[in-house]
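Notes follow the structure.
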Amino acid sequence: MKIEDRRKAYWNEPTLTAWERSYLPEIMRGLGITSRVFLRNMWRWVTGRKGALTTYYPEERRADYAPLNRGKHVLVQRSDGRPQCVACNLCATVCPAKVIEIEIGVDPADDAHPTYPVRFEIDYSRCVFCGLCVEACPEDAIRMLPETPALPSYDRHRMWLGLEELLAWNPQRDAAKPYPARSASPAGAATTQGHRP
């Protein structure tokens with residue numbers, strides 16, 4: 001019984017000769033390119049010019065390292081130390097790798113910031129560092145800094161970062177949309193500092 005080949009046939013599909021189907025020319029060509037680049041970089045290094053660049057990251061950083069590199073996440077804090085996040089789940093919704101998990105808590109005593117994250121976790125073993133979570137956040141509550149301290153790990157389970165570490169590893173308190181500080185005024189009284197959304 002003959003099995004049909006169901007792949008689509010293209011009108012400009014190339015035909016390979018027997019020599020090309022052996023892949024030997026392509027292997028030799030690839031080795032030639034690799035050898036040429038290696039010898040050129042080695043010659044530049046021996047003569048003192050810039051050739052291949054090796055850095056010992058994280059102790060050293062490349063000179064051409066992008067200043068706007070997207071690295072480890074940080075949650076912005078309000079003036080009282082609590083997270084700026086209102087647990088709207090926009091970052092978790094827009095994340096293409098689905099690595100952000102948020103559990104919502106409610107504080108009815110806080111008129112300006114009634115919801116907050118009880119649990120905020122990011123799985124760095126699957127994060128693609130695209131920055132969409134930062135762009136989607138309406139509260140400027142999550143940012144990505146260029147640094148990635150202690151991020152690489154041999155254990156995938158240690159790459160989950162929780163709320164405490166996201167708030168504490170590099171504290172940020174300069175929110176673009178600050179909320180008013182909690183006051184001792186009765187509930188419903190207007191506050192004069194900050195602004196309401």
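Some points to look at:
- Test: Ala181 is part of a loop (DSSP other than H, G, I, E, B), farther than 29 Å from Leu68 by Cβ and either modelled with pLDDT of 90 or more or touching an Asp or Glu at 6+ places or on another chain (Cβ under 8 Å) (or both): yes
- Residues that are in contact (Cβ under 8 Å) with a residue 60 or more places away in the chain and either over 25 Å from Arg126 (Cα atoms) or surrounded by 10 or more Cβ atoms within 10 Å (Cβ to Cβ) (or both), drawn from the stretch 60-70: Tyr65, Asn69, Arg70
- Test: residue in the stretch 116-129 that is within 20 Å of Pro67 (Cβ to Cβ), not charged (D, E, K, R) and not in a strand (DSSP E or B): yes
- Residue in the stretch 32-59 that is farthest from Leu145 (Cα to Cα), counting only those that are modelled with pLDDT under 80 and exposed (fewer than 10 other Cβ atoms within 10 Å of the Cβ): Gly48
- Taking first residues from the stretch 71-82 that are under 14 Å from Phe120 (Cα atoms) and charged (D, E, K, R) and partners that are part of a strand (DSSP E or B) and modelled with pLDDT of 85 or more, the Cβ contacts under 8 Å between residues at least 6 apart in sequence or on separate chains come to Arg82/Tyr116.
- Note on the stretch 15-99: enclosed helices (runs of 4 or more DSSP H) holding 2 or more residues that are closer than 30 Å to Gly162 by Cα are 90-94.
- Here Arg29, Arg61 are screened, and the one residue that is among the charged types (D, E, K, R), more than 27 Å from Ser153 (Cβ to Cβ) and not assigned by TED's automatic domain parsing to the domain that holds Val134 is Arg29.
- Residue within the stretch 130-141 that is crowded, with 16+ Cβ neighbours inside 10 Å and in contact with a Phe, Trp or Tyr (Cβ under 9 Å, 6 or more places away or on another chain) present: yes
- Being among the hydroxyl-bearing types (Ser, Thr, Tyr) and within 15 Å of Arg82 (Cα to Cα) holds for only one residue in Thr148, Thr115, and it is Thr115.
The values are calculated or read from the model by the stated rules, or taken from the named source; none is laboratory data. Worth saying up front: this structure is predicted, and the values here are computed from it rather than measured. Here Cβ is always computed from backbone atoms with ideal geometry, including for glycine, and neighbour counts include all displayed protein chains.
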